[in-house]
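Working notes, structure below.
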Amino acid sequence: MAAQKGKDLLLKVDGDGLGSFTTVAGLRSRAIAFNAETVDVTNADSVGHWRELLGGAGVKSARVTGAGIFKDAQSDEIVRGLFFDGGIRAWQVVVPDFGTVTGQMQITSFELTGRHDGEIAFELSLDSAGELVFAAS
């Protein structure tokens, strides 16, 4: 994958639950992190007392974070509504020349900040709430 512009990494939400994805507008930064817990099966017979892991047995999860300013009434309303309702909805993270990650996620953190001489900004975190599907570009 060649160098990419950070602004091209998009976060989208299925706002109405019908499969139509809306880009969350106003995001200035976003990131996705994948995690896989391990299952340690080390025992007294482990060769050289080295740790042994059980392949494919841990819990997988993902966290998406983003920060920005309110810019688009439609996506702003969707994000606020999903947070206050505790809703789980399909989200997409689009990484150009890499692929798209799609799956059910819940907004687990929503923060608003503002300075007297600046705009109101927000930060959000999404945690996976089921299987995520990766589709290569």
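No value in this document is a laboratory result; all are computed from the given coordinates. This structure is a prediction, so every number in the text was calculated from the model and none was measured. Cβ atoms come from the backbone with ideal geometry, glycine included; neighbour counts cover every protein chain shown.
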Taking amide H positions as placed 1.01 Å from N in the peptide plane, with prolines and chain starts having none, which residues 5 or more places from residue 58, or on another chain, fall under 5 Å of its amide H? 39
I'd like the Karplus ³J(HN,Hα) series for the range 11-20: coefficients 6.51, -1.76, 1.60, θ = phi - 60°, whole numbers in Hz, and an x wherever there's a Gly or Pro. 10, 10, 10, 7, x, 10, x, 10, x, 9
Ordered by packing density, taken as the mean number of other Cβ atoms within 10 Å over each peptide's residues, highest first, how do 94-101, 15-22 rank? 94-101, 15-22
Taking residue 71 as the anchor, which aspartates and glutamates have their alpha carbon closer than 12 Å to its alpha carbon, excluding any fewer than eight residues away along the same chain? 119
Point-charge dipole on Cβ atoms (K/R +1, D/E -1) for the range 6-136, about Cα centre, debye to 20: 220 debye
Karplus-derived HN-Hα couplings along the range 78-92 (A = 6.51, B = -1.76, C = 1.60, θ = phi - 60°), whole Hz, x at Gly and Pro: 4, 4, 4, x, 5, 5, 5, 8, x, x, 10, 9, 6, 10, 10
With contacts defined as alpha carbon pairs under 8 Å and 6 or more residues apart, what's the relative contact order of the range 6-136 in percent? 26 percent
